[in-house]
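The values are calculated or read from the model by the stated rules, or taken from the named source; none is laboratory data. Quick caveat: nothing in here was measured; it's all calculated off a predicted structure. Just the protein is used for accessible areas: all its heavy atoms, side chains included, with ligands, DNA and RNA removed. Shrake-Rupley method; radii C 1.70, N 1.55, O 1.52, S 1.80 Å.
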Amino acid sequence: MKRLALIVVLVSVSAPLAAQSPGWLEPYRPIAQRLITEAQSNDFTWQRLAELTDTFGNRLSGSETLEQAIDWAVATMKTDGFDNVHKEPVMVPKWVRGAESLELVTPVKQKLVMLGLGNAVGTPAGGIEADVVVVKNFDEMTARAADIKGKIVLFNAEFVSYGQTNVYRTAGPSRAAALGAVATLVRSIGPMGLRTPHTGATVYADGQPKIPAAAIPAEDANRLQRLQDRGVKVRVKLSMEAHFEADAQSYNVVGEIRGRELPNEVIVIGGHIDSWDVGAGASDDGGGCVVTWDALRLMKKLGLTPRRTVRVVLFTNEENGDRGGEGYRDAHMADLKNHVMLLESDGGIFNPEGFGYTGPAAGKATITAIASLLKSIGADPVRDGGGGSDIGPSGTAGPVPMISHLAAANYFQIHHTPADTIERITPKQAGDNAAAIAVMAYVITDPPWKLGFERQ
Ligand SMILES: [Zn+2]
């Protein structure tokens, strides 16, 4: 009798919970809490990122520091006790910035802040001196097409979003070259900072002359705009030694916790170990590497071995070539059918904001249920659209469902700038993101039943 009454009470209390949360999830609730508690109990994740960024600094493809960081990651993963730790070879482009400068010549002689765009060509040895035409968008450039020949075009497009505005960085130089421009300046792709220049890759179109291209801070772009608007002639001298050298040997780093029952079924989680050659590549993407790597360490620390294999991959050459992501796909093509999920963290590791998901529709409910275990750290939202440059090639070739780890905040204020250092990230943010990924990866790989995102 008493027992029956108790059951009635339990049912009435747990009914609303059961409506939101499938029964299979319940055993994972205490495990998720243990992972979160462990990550929050110390600053290990942040300290590991600090070790990476302090020791090696920025890590451009083809640089010694990238390869040193890769070797350090391999050695350190072995110390962590991971399984199957190894490097997988990938040839990467080697773009070298060299010395560069931008000088205002008219109306006064003065140095301007600048940062050459990645993959750009350099200027002749003496630099290029020319008048500047400032335009706010492509339409304005087209309207002034007759003025462009022999000039340096400055695209002064205010930042709307990365996806919308970075077309001036990627396509702007070739579109200006098509009208006869001799070089391009681009207002940095990011919100107003503290006179911060943002680099990033430009993409030359086939059939157009390749002209030098550099980013300048929003403040400098606005100054040149105001001068032009007052009818003042603006003339600058751009000097860049940028060039490509022969492709260089690099590697993806792989480490695992082998699954206890289905070791051939794999989730891949990771970020990219290369960075631009300014700042320390802390948010882009040392942080993504360290939080995905630390997800495995947290599992190991708590003695958690999931049923399937959790594999961390630190991809090389995301920034100016995507060869790491393509290399992983090519090396694992025959095995992609055994990949249950790919997760990438390449949006910074600020306050967690949840996950983006691309895959079979039934899987979204599963990911949403798992993410509900992360409500206390704000990582419970799940939106449509997962992927990333590193996992994209394998995700498309598989196809394999993909998850993006989301933690946007002020990412684009520091993205590709000298300000991308560990100071932007707190220990709690680093730990929370590692915990979020550990919980997501563990619960995806552990259950014996199908979760809805498997290949049919
Ligand atoms: Zn990145």
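Solvent exposure of the chain, expressed per residue, is 39 Å² of accessible area, with all protein chains present and a 1.4 angstrom probe.
Taking 0.36 nm per residue of sequence separation and removing the Cα-Cα distance, the Val108/Asp335 pair yields an extension gain of 75.6 nm.
Coupling constants for the range 431-442 follow from the phi torsions by the Karplus curve (6.51 cos²θ - 1.76 cosθ + 1.60, θ = phi - 60°), and in residue order they are x, 4, 5, 4, 5, 4, 6, 4, 5, 4, 5, 5 Hz; glycine and proline get x. Quick check: from the Cα gyration tensor, does the range 308-456 come out rounded (a/c under 1.5), prolate or oblate? The shape class here is oblate.
Converting phi to 3J(HN,Hα) with the Karplus coefficients 6.51, -1.76 and 1.60 and the offset θ = phi - 60°, the range 399-409 yields x, 10, x, 10, 10, 9, 7, 10, 7, 5, 6 Hz in sequence order, with x at every glycine or proline. Of all DSSP beta bridges confined to the range 88-238, the antiparallel ones make up roughly 50%.
Expressed to the nearest 5 percent, the antiparallel share of DSSP beta bridges inside the chain is 55 percent.
Normalised by the number of residues in the chain, the mean separation of alpha-carbon contacts (under 8 Å, six or more apart) gives a relative contact order of 20 percent. The angle between the Cα long axis of helix 287-301 and the longest principal axis of the Cα atoms of the chain comes to about 20 degrees, rounded to the nearest 10. Counting only DSSP beta bridges with both residues in the range 330-456, the antiparallel share comes to about 45 percent.
Under 24 Å of direct C-alpha separation, and excluding same-chain neighbours fewer than eight residues apart, Lys301 reaches these lysines: Lys78, Lys87, Lys375, Lys428. Working note: Debye formula, equal point scatterers on the alpha-carbon atoms of the range 215-309, no solvent; log10 I(q)/I(0) at q = 0.15, 0.23, 0.26 Å⁻¹ is -0.81, -1.18, -1.30. The distance separating the Cα centre of the range 416-444 from that of the range 267-307 comes to 8 Å. Entry note, the chain: the mean residue ellipticity at 222 nm calculated from DSSP H runs of n ≥ 4, each adding -39500 (n - 2.57), is -10500 deg cm²/dmol after division by the residues and rounding to the nearest 500. Couplings 3J(HN,Hα) for the range 191-207, derived from phi with the Karplus relation 6.51 cos²θ - 1.76 cosθ + 1.60 (θ = phi - 60°), are x, 3, x, 10, 6, 9, x, 10, 7, x, 6, 9, 10, 6, 7, 4, x Hz, where x marks Gly and Pro.
Candidate cross-link partners of Lys151 among the aspartates and glutamates, defined by an alpha-carbon separation under 16 Å and a same-chain spacing of 8 or more, comprise Glu103, Glu129, Asp131, Glu140.
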